[in-house]
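The values are calculated or read from the model by the stated rules, or taken from the named source; none is laboratory data. All of these numbers come straight from a predicted model, not from anything done at the bench. Using ideal geometry, Cβ is built from the backbone for each residue, glycine included, and neighbour counts are taken over all protein chains shown.
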Number of protein chains: 2
Amino acid sequence: MPKQRSTHTRQLILDKATDLASLEGLEGVSIGRLADALGMSKSGVIGHFASKQDLQLATVEAARERFESEVLDAIEGEPGIERLRAMTERWIQYIEGEHFSGGCFFWAASAEFDGRPGAVRDRLAELTALWLDAIGAEARLAQRLGEIDDGEDPAQLAFELHAYVQEANWSYQLLERADSFTRARRAVESRIARVSI
Amino acid sequence: MPKQRSTHTRQLILDKATDLASLEGLEGVSIGRLADALGMSKSGVIGHFASKQDLQLATVEAARERFESEVLDAIEGEPGIERLRAMTERWIQYIEGEHFSGGCFFWAASAEFDGRPGAVRDRLAELTALWLDAIGAEARLAQRLGEIDDGEDPAQLAFELHAYVQEANWSYQLLERADSFTRARRAVESRIARVSI
DNA sequence: CCTACCGATCGGTAGG
DNA sequence: CCTACCGATCGGTAGG
(Lines give C-alpha, C1' and ligand atoms only; values in the text may rest on other atoms or scores of the structure.)
Protein backbone atom coordinates (compact mmCIF):
# COMPACT_ATOMS: atom_id res chain seq x y z
CA MET A 1 0.00 0.00 0.00
CA PRO A 2 2.29 2.76 -1.21
CA LYS A 3 -0.39 5.43 -0.83
CA GLN A 4 -0.61 4.85 2.92
CA ARG A 5 3.13 4.88 3.34
CA SER A 6 3.26 8.07 1.32
CA THR A 7 0.72 9.79 3.57
CA HIS A 8 2.65 8.65 6.61
CA THR A 9 5.91 10.00 5.21
CA ARG A 10 4.22 13.27 4.33
CA GLN A 11 3.09 13.64 7.92
CA LEU A 12 6.60 12.85 9.18
CA ILE A 13 7.95 15.56 6.90
CA LEU A 14 5.41 18.10 8.12
CA ASP A 15 5.96 17.27 11.80
CA LYS A 16 9.66 17.87 11.37
CA ALA A 17 9.01 21.00 9.33
CA THR A 18 6.76 22.61 11.96
CA ASP A 19 9.34 21.90 14.62
CA LEU A 20 12.28 23.22 12.61
CA ALA A 21 10.24 26.26 11.58
CA SER A 22 9.56 27.24 15.19
CA LEU A 23 13.33 27.29 15.70
CA GLU A 24 14.71 28.64 12.44
CA GLY A 25 11.70 30.09 10.67
CA LEU A 26 9.66 28.75 7.78
CA GLU A 27 12.04 30.20 5.21
CA GLY A 28 14.97 28.67 7.07
CA VAL A 29 13.56 25.18 6.59
CA SER A 30 15.26 24.40 3.30
CA ILE A 31 14.40 21.24 1.45
CA GLY A 32 17.97 20.00 1.83
CA ARG A 33 18.13 20.50 5.59
CA LEU A 34 14.71 18.98 6.06
CA ALA A 35 15.85 15.97 4.02
CA ASP A 36 19.00 15.62 6.13
CA ALA A 37 17.03 15.84 9.37
CA LEU A 38 14.74 13.08 8.11
CA GLY A 39 17.45 10.90 6.58
CA MET A 40 15.84 11.31 3.16
CA SER A 41 16.85 12.70 -0.20
CA LYS A 42 15.77 16.18 -1.25
CA SER A 43 13.60 14.84 -4.04
CA GLY A 44 12.01 12.41 -1.61
CA VAL A 45 10.92 15.40 0.47
CA ILE A 46 9.81 17.85 -2.21
CA GLY A 47 8.10 15.06 -4.16
CA HIS A 48 5.24 15.27 -1.67
CA PHE A 49 4.69 18.92 -2.52
CA ALA A 50 4.28 21.00 -5.64
CA SER A 51 6.78 23.65 -4.55
CA LYS A 52 8.53 25.21 -1.58
CA GLN A 53 5.57 27.52 -1.03
CA ASP A 54 3.24 24.52 -1.13
CA LEU A 55 5.41 22.88 1.53
CA GLN A 56 5.22 26.05 3.63
CA LEU A 57 1.43 26.19 3.31
CA ALA A 58 1.17 22.51 4.25
CA THR A 59 3.41 23.18 7.25
CA VAL A 60 1.08 25.98 8.37
CA GLU A 61 -1.89 23.60 8.08
CA ALA A 62 -0.02 20.95 10.09
CA ALA A 63 0.60 23.52 12.82
CA ARG A 64 -3.08 24.51 12.70
CA GLU A 65 -4.11 20.87 13.15
CA ARG A 66 -1.86 20.54 16.17
CA PHE A 67 -3.25 23.74 17.64
CA GLU A 68 -6.80 22.53 17.05
CA SER A 69 -6.30 19.15 18.68
CA GLU A 70 -4.14 20.41 21.55
CA VAL A 71 -5.94 23.66 22.32
CA LEU A 72 -9.34 24.07 20.65
CA ASP A 73 -10.50 20.49 21.24
CA ALA A 74 -9.19 20.51 24.82
CA ILE A 75 -11.11 23.57 25.98
CA GLU A 76 -13.68 22.64 28.59
CA GLY A 77 -16.08 24.49 30.82
CA GLU A 78 -19.35 26.34 30.44
CA PRO A 79 -19.67 28.98 27.71
CA GLY A 80 -18.98 32.46 29.01
CA ILE A 81 -16.34 33.60 31.42
CA GLU A 82 -15.43 30.07 32.52
CA ARG A 83 -14.71 29.13 28.93
CA LEU A 84 -12.83 32.39 28.34
CA ARG A 85 -10.52 31.48 31.21
CA ALA A 86 -10.15 27.94 29.85
CA MET A 87 -9.18 29.22 26.39
CA THR A 88 -6.30 31.35 27.64
CA GLU A 89 -5.17 28.76 30.19
CA ARG A 90 -5.12 25.95 27.63
CA TRP A 91 -3.25 28.17 25.20
CA ILE A 92 -0.63 29.02 27.82
CA GLN A 93 -0.25 25.32 28.68
CA TYR A 94 0.26 24.53 25.04
CA ILE A 95 3.10 27.01 24.61
CA GLU A 96 4.56 26.16 28.01
CA GLY A 97 4.50 22.45 27.13
CA GLU A 98 7.05 23.08 24.38
CA HIS A 99 5.24 21.20 21.66
CA PHE A 100 7.53 23.09 19.33
CA SER A 101 11.23 23.41 20.13
CA GLY A 102 11.30 27.10 19.32
CA GLY A 103 8.09 28.22 20.98
CA CYS A 104 4.79 29.13 19.38
CA PHE A 105 4.92 28.33 15.67
CA PHE A 106 2.43 31.04 14.75
CA TRP A 107 4.22 33.74 16.68
CA ALA A 108 7.52 32.97 14.93
CA ALA A 109 5.86 32.67 11.53
CA SER A 110 3.89 35.89 12.05
CA ALA A 111 7.01 37.91 12.58
CA GLU A 112 8.74 36.25 9.66
CA PHE A 113 5.97 36.68 7.08
CA ASP A 114 4.28 39.92 8.07
CA GLY A 115 6.50 41.73 5.59
CA ARG A 116 6.32 39.12 2.81
CA PRO A 117 3.12 39.35 0.77
CA GLY A 118 1.74 36.08 -0.51
CA ALA A 119 -0.38 33.04 0.25
CA VAL A 120 1.60 32.02 3.36
CA ARG A 121 1.25 35.41 4.97
CA ASP A 122 -2.47 35.56 4.11
CA ARG A 123 -3.12 32.17 5.68
CA LEU A 124 -1.16 33.04 8.83
CA ALA A 125 -3.15 36.26 9.21
CA GLU A 126 -6.42 34.39 8.65
CA LEU A 127 -5.69 31.70 11.25
CA THR A 128 -4.30 33.96 13.97
CA ALA A 129 -7.19 36.42 13.48
CA LEU A 130 -9.65 33.54 13.91
CA TRP A 131 -8.15 32.72 17.30
CA LEU A 132 -7.99 36.34 18.48
CA ASP A 133 -11.59 36.86 17.40
CA ALA A 134 -12.69 33.60 19.04
CA ILE A 135 -11.42 34.99 22.33
CA GLY A 136 -13.31 38.22 21.63
CA ALA A 137 -16.48 36.29 20.77
CA GLU A 138 -16.29 34.34 24.02
CA ALA A 139 -15.86 37.60 25.95
CA ARG A 140 -18.89 39.03 24.16
CA LEU A 141 -20.90 35.95 25.08
CA ALA A 142 -19.85 36.27 28.71
CA GLN A 143 -21.03 39.87 28.56
CA ARG A 144 -24.44 38.83 27.17
CA LEU A 145 -24.66 36.27 29.94
CA GLY A 146 -24.19 39.07 32.42
CA GLU A 147 -20.80 37.85 33.62
CA ILE A 148 -18.80 40.79 32.29
CA ASP A 149 -19.45 44.49 32.82
CA ASP A 150 -21.47 46.10 30.02
CA GLY A 151 -18.98 48.94 29.75
CA GLU A 152 -16.22 46.60 28.56
CA ASP A 153 -15.31 46.25 24.87
CA PRO A 154 -14.92 42.49 24.26
CA ALA A 155 -12.46 43.02 21.39
CA GLN A 156 -10.33 45.22 23.64
CA LEU A 157 -10.35 42.55 26.33
CA ALA A 158 -9.32 39.95 23.73
CA PHE A 159 -6.49 42.23 22.54
CA GLU A 160 -5.10 42.42 26.06
CA LEU A 161 -5.48 38.74 26.96
CA HIS A 162 -3.90 37.77 23.65
CA ALA A 163 -1.08 40.22 24.33
CA TYR A 164 -0.20 38.59 27.66
CA VAL A 165 0.25 35.15 26.11
CA GLN A 166 2.29 36.44 23.17
CA GLU A 167 4.45 38.42 25.60
CA ALA A 168 5.02 35.28 27.67
CA ASN A 169 6.17 33.41 24.56
CA TRP A 170 8.58 36.23 23.71
CA SER A 171 9.84 36.59 27.27
CA TYR A 172 10.38 32.85 27.61
CA GLN A 173 11.94 32.21 24.22
CA LEU A 174 14.24 35.21 23.91
CA LEU A 175 14.89 36.33 27.50
CA GLU A 176 14.56 32.82 28.94
CA ARG A 177 12.81 34.17 31.99
CA ALA A 178 11.33 31.38 34.06
CA ASP A 179 8.51 33.56 35.37
CA SER A 180 7.12 34.29 31.88
CA PHE A 181 4.06 32.08 32.10
CA THR A 182 3.41 32.93 35.74
CA ARG A 183 3.30 36.59 34.74
CA ALA A 184 0.94 35.87 31.86
CA ARG A 185 -1.39 33.90 34.14
CA ARG A 186 -1.34 36.66 36.74
CA ALA A 187 -2.12 39.27 34.07
CA VAL A 188 -4.98 37.22 32.61
CA GLU A 189 -6.47 36.51 36.02
CA SER A 190 -6.39 40.06 37.30
CA ARG A 191 -7.71 41.40 33.99
CA ILE A 192 -10.65 39.00 33.98
CA ALA A 193 -11.30 39.48 37.69
CA ARG A 194 -11.49 43.22 37.09
CA VAL A 195 -14.27 42.99 34.50
CA SER A 196 -16.23 40.23 36.21
CA ILE A 197 -19.53 41.09 37.78
CA MET B 1 39.20 61.78 2.59
CA PRO B 2 38.52 58.13 1.92
CA LYS B 3 37.97 57.34 5.62
CA GLN B 4 35.00 59.71 5.85
CA ARG B 5 33.42 58.42 2.67
CA SER B 6 33.85 54.91 3.97
CA THR B 7 32.07 55.68 7.25
CA HIS B 8 29.27 57.32 5.31
CA THR B 9 28.88 54.29 3.05
CA ARG B 10 28.91 52.01 6.05
CA GLN B 11 26.04 53.96 7.56
CA LEU B 12 24.13 53.81 4.26
CA ILE B 13 24.59 50.04 4.24
CA LEU B 14 23.36 49.70 7.82
CA ASP B 15 20.34 51.97 7.28
CA LYS B 16 19.28 49.84 4.35
CA ALA B 17 20.02 46.65 6.28
CA THR B 18 17.84 47.61 9.27
CA ASP B 19 15.00 48.47 6.95
CA LEU B 20 15.25 45.29 4.89
CA ALA B 21 15.61 43.24 8.08
CA SER B 22 12.35 44.56 9.51
CA LEU B 23 10.66 43.29 6.34
CA GLU B 24 12.51 40.09 5.51
CA GLY B 25 14.42 39.25 8.64
CA LEU B 26 18.10 39.66 9.45
CA GLU B 27 18.97 36.33 7.88
CA GLY B 28 17.00 37.30 4.78
CA VAL B 29 19.26 40.29 4.20
CA SER B 30 21.84 38.56 2.02
CA ILE B 31 24.96 40.39 1.00
CA GLY B 32 23.95 40.14 -2.64
CA ARG B 33 20.48 41.58 -2.18
CA LEU B 34 21.79 44.32 0.06
CA ALA B 35 24.35 45.18 -2.63
CA ASP B 36 21.65 45.26 -5.31
CA ALA B 37 19.40 47.50 -3.19
CA LEU B 38 22.32 49.89 -2.74
CA GLY B 39 23.64 49.73 -6.31
CA MET B 40 26.91 48.35 -5.05
CA SER B 41 28.93 45.20 -5.54
CA LYS B 42 28.83 42.42 -2.97
CA SER B 43 32.45 42.91 -2.04
CA GLY B 44 31.83 46.63 -1.67
CA VAL B 45 29.24 45.80 0.96
CA ILE B 46 30.95 43.01 2.89
CA GLY B 47 34.27 44.84 2.77
CA HIS B 48 32.96 47.05 5.57
CA PHE B 49 32.44 44.03 7.80
CA ALA B 50 34.44 41.01 8.87
CA SER B 51 31.64 38.54 8.17
CA LYS B 52 27.91 38.13 7.73
CA GLN B 53 27.49 37.81 11.50
CA ASP B 54 29.51 40.96 11.99
CA LEU B 55 27.16 42.71 9.55
CA GLN B 56 24.18 41.41 11.51
CA LEU B 57 25.64 42.60 14.81
CA ALA B 58 26.35 46.02 13.28
CA THR B 59 22.77 46.12 11.99
CA VAL B 60 21.47 45.45 15.50
CA GLU B 61 23.63 48.30 16.83
CA ALA B 62 22.32 50.61 14.10
CA ALA B 63 18.75 49.76 15.13
CA ARG B 64 19.68 50.37 18.76
CA GLU B 65 21.07 53.81 17.88
CA ARG B 66 17.85 54.69 16.07
CA PHE B 67 15.78 53.50 19.02
CA GLU B 68 17.91 55.55 21.40
CA SER B 69 17.67 58.78 19.44
CA GLU B 70 14.00 58.39 18.49
CA VAL B 71 12.65 56.96 21.73
CA LEU B 72 15.03 57.14 24.71
CA ASP B 73 16.30 60.65 23.96
CA ALA B 74 12.78 61.91 23.21
CA ILE B 75 11.21 60.89 26.51
CA GLU B 76 10.14 63.90 28.51
CA GLY B 77 8.27 64.51 31.72
CA GLU B 78 8.93 64.18 35.42
CA PRO B 79 10.38 60.92 36.74
CA GLY B 80 7.70 58.58 38.01
CA ILE B 81 4.29 57.88 36.56
CA GLU B 82 4.43 60.80 34.13
CA ARG B 83 7.65 59.47 32.69
CA LEU B 84 6.29 55.92 32.63
CA ARG B 85 3.42 57.15 30.47
CA ALA B 86 5.85 59.06 28.25
CA MET B 87 8.02 55.97 27.72
CA THR B 88 5.19 53.82 26.41
CA GLU B 89 3.63 56.64 24.40
CA ARG B 90 6.91 57.54 22.71
CA TRP B 91 7.53 53.86 21.97
CA ILE B 92 4.09 53.50 20.38
CA GLN B 93 4.68 56.62 18.31
CA TYR B 94 7.98 55.23 17.11
CA ILE B 95 6.44 51.99 15.86
CA GLU B 96 3.38 53.78 14.53
CA GLY B 97 5.59 56.22 12.63
CA GLU B 98 6.88 53.36 10.50
CA HIS B 99 10.54 54.16 10.82
CA PHE B 100 11.06 50.62 9.59
CA SER B 101 9.05 49.32 6.63
CA GLY B 102 8.27 46.04 8.34
CA GLY B 103 7.46 47.27 11.83
CA CYS B 104 9.55 47.06 14.97
CA PHE B 105 13.03 45.77 14.08
CA PHE B 106 13.57 44.22 17.49
CA TRP B 107 10.26 42.38 17.50
CA ALA B 108 11.00 40.82 14.10
CA ALA B 109 14.58 39.99 15.03
CA SER B 110 13.50 38.53 18.41
CA ALA B 111 11.24 35.99 16.77
CA GLU B 112 13.86 35.16 14.17
CA PHE B 113 16.80 34.62 16.52
CA ASP B 114 15.24 33.27 19.69
CA GLY B 115 15.93 29.76 18.44
CA ARG B 116 19.41 30.45 17.01
CA PRO B 117 22.11 30.53 19.68
CA GLY B 118 24.93 32.96 19.13
CA ALA B 119 26.16 36.51 19.50
CA VAL B 120 23.24 38.07 17.59
CA ARG B 121 20.64 36.39 19.75
CA ASP B 122 22.53 37.31 22.93
CA ARG B 123 22.73 40.97 21.95
CA LEU B 124 19.03 41.11 21.01
CA ALA B 125 18.09 39.57 24.36
CA GLU B 126 20.36 42.02 26.17
CA LEU B 127 18.95 45.12 24.47
CA THR B 128 15.28 44.18 24.69
CA ALA B 129 15.67 43.17 28.34
CA LEU B 130 17.23 46.57 29.06
CA TRP B 131 14.15 48.33 27.68
CA LEU B 132 11.67 46.06 29.46
CA ASP B 133 13.55 46.52 32.71
CA ALA B 134 13.78 50.29 32.20
CA ILE B 135 9.99 50.36 32.12
CA GLY B 136 9.94 48.26 35.28
CA ALA B 137 12.46 50.55 36.99
CA GLU B 138 10.37 53.60 36.17
CA ALA B 139 7.29 51.88 37.60
CA ARG B 140 9.25 51.07 40.75
CA LEU B 141 10.32 54.70 41.04
CA ALA B 142 6.72 55.84 40.65
CA GLN B 143 5.83 53.46 43.43
CA ARG B 144 8.52 54.86 45.70
CA LEU B 145 7.23 58.34 44.91
CA GLY B 146 3.83 57.22 46.14
CA GLU B 147 2.18 57.44 42.72
CA ILE B 148 1.53 53.72 42.34
CA ASP B 149 -0.17 51.40 44.80
CA ASP B 150 2.26 49.54 47.07
CA GLY B 151 0.57 46.23 46.30
CA GLU B 152 1.64 46.37 42.65
CA ASP B 153 4.65 44.45 41.33
CA PRO B 154 6.52 46.91 39.08
CA ALA B 155 7.99 44.09 36.95
CA GLN B 156 4.50 42.68 36.42
CA LEU B 157 3.25 46.09 35.37
CA ALA B 158 6.16 46.40 32.93
CA PHE B 159 5.37 42.94 31.52
CA GLU B 160 1.82 44.00 30.77
CA LEU B 161 2.60 47.45 29.34
CA HIS B 162 5.34 45.93 27.17
CA ALA B 163 2.86 43.27 26.04
CA TYR B 164 0.36 45.86 24.78
CA VAL B 165 2.87 47.56 22.53
CA GLN B 166 4.24 44.29 21.13
CA GLU B 167 0.68 43.13 20.51
CA ALA B 168 -0.05 46.36 18.64
CA ASN B 169 2.97 45.81 16.42
CA TRP B 170 1.83 42.25 15.67
CA SER B 171 -1.79 43.27 15.11
CA TYR B 172 -0.80 46.11 12.81
CA GLN B 173 1.88 44.30 10.81
CA LEU B 174 0.21 40.92 10.29
CA LEU B 175 -3.52 41.59 10.66
CA GLU B 176 -3.29 45.15 9.32
CA ARG B 177 -5.87 46.34 11.81
CA ALA B 178 -6.10 50.10 11.87
CA ASP B 179 -7.15 50.18 15.53
CA SER B 180 -3.99 48.40 16.75
CA PHE B 181 -2.31 51.44 18.28
CA THR B 182 -5.56 52.85 19.63
CA ARG B 183 -6.10 49.57 21.47
CA ALA B 184 -2.56 49.61 22.84
CA ARG B 185 -3.01 53.18 24.09
CA ARG B 186 -6.34 52.31 25.69
CA ALA B 187 -4.82 49.28 27.40
CA VAL B 188 -1.83 51.26 28.69
CA GLU B 189 -4.01 54.10 29.95
CA SER B 190 -6.53 51.95 31.79
CA ARG B 191 -3.78 49.78 33.27
CA ILE B 192 -1.87 52.78 34.59
CA ALA B 193 -5.06 54.50 35.78
CA ARG B 194 -5.94 51.39 37.75
CA VAL B 195 -2.70 51.35 39.76
CA SER B 196 -2.44 55.10 40.23
CA ILE B 197 -3.07 56.51 43.66
C1' DC C 1 35.25 50.69 -4.11
C1' DC C 2 35.47 47.15 -8.41
C1' DT C 3 35.66 42.37 -11.32
C1' DA C 4 36.26 37.72 -11.15
C1' DC C 5 36.12 33.92 -8.95
C1' DC C 6 35.75 29.85 -5.05
C1' DG C 7 32.96 25.79 -3.00
C1' DA C 8 28.49 25.11 -0.86
C1' DT C 9 23.72 25.26 -0.92
C1' DC C 10 19.35 26.83 -2.79
C1' DG C 11 14.64 25.19 -5.20
C1' DG C 12 13.50 22.19 -8.52
C1' DT C 13 13.53 18.50 -12.46
C1' DA C 14 14.63 14.20 -15.29
C1' DG C 15 14.63 9.65 -15.24
C1' DG C 16 14.25 5.57 -13.00
C1' DC D 1 11.38 6.69 -2.73
C1' DC D 2 16.42 7.19 -5.13
C1' DT D 3 20.72 9.36 -7.96
C1' DA D 4 22.20 12.79 -10.79
C1' DC D 5 21.85 16.90 -12.37
C1' DC D 6 20.22 22.12 -13.72
C1' DG D 7 20.94 27.37 -13.15
C1' DA D 8 20.83 30.70 -9.41
C1' DT D 9 22.37 32.46 -5.24
C1' DC D 10 24.79 32.01 -0.88
C1' DG D 11 29.04 33.92 2.12
C1' DG D 12 33.43 35.00 1.26
C1' DT D 13 38.27 35.88 -1.00
C1' DA D 14 42.06 37.33 -4.36
C1' DG D 15 43.79 40.89 -6.64
C1' DG D 16 43.60 45.31 -8.14
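Can you tell me which residue in the range B:90-131 is nearest to the other protein chains (Cβ to nearest Cβ), limited to those that are in a loop (DSSP other than H, G, I, E, B) and closer than 24 Å to B:ARG185 by Cβ? Lay out the reasoning, then the answer.
Pass one, the range B:90-131, residues in a loop (DSSP other than H, G, I, E, B): B:97-104, B:114-118.
Applying the additional criterion that residues be closer than 24 Å to B:ARG185 by Cβ yields B:97-104.
Values: B:GLY97: 17, B:GLU98: 12, B:HIS99: 14, B:PHE100: 9, B:SER101: 7, B:GLY102: 4, B:GLY103: 7, B:CYS104: 9 Å.
Among those that are in a loop (DSSP other than H, G, I, E, B) and closer than 24 Å to B:ARG185 by Cβ, it is B:GLY102.
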>> Against the condition free of Cβ contacts under 8 Å to residues at least 24 places away in the same chain and either more than 12 Å from chain A (Cβ to nearest Cβ) or touching a helix residue (DSSP H, G or I) at 6+ places or on another chain (Cβ under 7 Å) (or both), how does B:ARG194 come out, does it pass?
In response: no
> Somewhere in the range A:87-103, is a residue within 16 Å of DNA strand C (Cβ to nearest atom) and over 12 Å from the mean Cα position of the chain (by Cα)?
Replying inline: no
> Quick one: which of B:SER180, B:SER171 is buried (at least 17 other Cβ atoms within 10 Å of the Cβ) and within 8 Å of chain A (Cβ to nearest Cβ)?
Replying inline: B:SER171
> Is it the case that some residue within the range A:17-26 is more than 13 Å from A:LEU55 (Cβ to Cβ), part of a helix (DSSP H, G or I), modelled with pLDDT of 95 or more and more than 10 Å from DNA strand D (Cβ to nearest atom)?
Replying inline: no
> Across the range A:110-119, what is the number of residues that are surrounded by fewer than 21 Cβ atoms within 10 Å (Cβ to Cβ) and hydrophobic (A, V, I, L, M, F, W, C)?
Replying inline: 1
>> One residue is enough: does the range B:13-34 have a residue meeting the conditions basic (Lys, Arg) and within 10 Å of DNA strand C (Cβ to nearest atom)?
In response: no
>> Testing A:ASP73 on (1) farther than 17 Å from B:GLU167 by Cα; (2) surrounded by fewer than 19 Cβ atoms within 10 Å (Cβ to Cβ); (3) within 13 Å of the chain's Cα centre (by Cα), one condition comes back false. Which one is that?
In response: (3)
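Do you know which residues across the range B:27-56 are in a loop (DSSP other than H, G, I, E, B) and more than 14 Å from every other protein chain (Cβ to nearest Cβ)?
Residues of the range B:27-56 that are in a loop (DSSP other than H, G, I, E, B), as a first pass: B:27-30, B:39-41, B:47-51.
Within the range B:27-56, B:GLY39, B:MET40, B:SER41, B:GLY47, B:HIS48, B:PHE49, B:ALA50, B:SER51 meet the criteria.
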>> Need the failing condition index for A:ALA63 against (1) closer than 20 Å to A:GLY103 by Cα; (2) surrounded by 17 or more Cβ atoms within 10 Å (Cβ to Cβ); (3) in contact with a Gly (Cβ under 9 Å, 6 or more places away or on another chain), just the number.
In response: (3)
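What about A:LEU130, is it surrounded by fewer than 17 Cβ atoms within 10 Å (Cβ to Cβ), touching a Gly at 6+ places or on another chain (Cβ under 6 Å) and either farther than 16 Å from A:SER69 by Cα or modelled with pLDDT of 95 or more (or both)? Give the steps one after another, and end with the answer.
Numbers: surrounded by fewer than 17 Cβ atoms within 10 Å (Cβ to Cβ): yes; touching a Gly at 6+ places or on another chain (Cβ under 6 Å): no; either farther than 16 Å from A:SER69 by Cα or modelled with pLDDT of 95 or more (or both): yes.
Taking the combined requirement at face value, the residue does not satisfy it.
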> Taking the range B:132-166, which residues are more than 11 Å from every other protein chain (Cβ to nearest Cβ) and touching a residue at least 24 places away in the same chain (Cβ under 8 Å)?
Replying inline: B:ALA134, B:ILE135, B:GLU138, B:ALA139, B:LEU141, B:ALA142, B:LEU145, B:GLY146, B:GLU147, B:ILE148, B:ASP149
>> So B:VAL45 ticks every box in (1) out of contact with any helix residue (DSSP H, G or I) (no Cβ under 7 Å at 6 or more places or on another chain); (2) not assigned by TED's automatic domain parsing to the domain that holds B:GLU167 but one. Which box is left unticked?
In response: (1)
>> Regarding the range B:58-74, can at least one residue be identified that is more than 16 Å from DNA strand C (Cβ to nearest atom), assigned to a loop (DSSP other than H, G, I, E, B) and touching a residue at least 40 places away in the same chain (Cβ under 8 Å)?
In response: no
> Which residues, counting only those in the range B:30-68, are within 11 Å of DNA strand D (Cβ to nearest atom) and either under 17 Å from B:ALA119 (Cα atoms) or polar (S, T, N, Q) (or both)?
Replying inline: B:SER30, B:SER41, B:SER43, B:PHE49, B:ALA50, B:SER51, B:LYS52, B:GLN53, B:ASP54, B:LEU55, B:GLN56
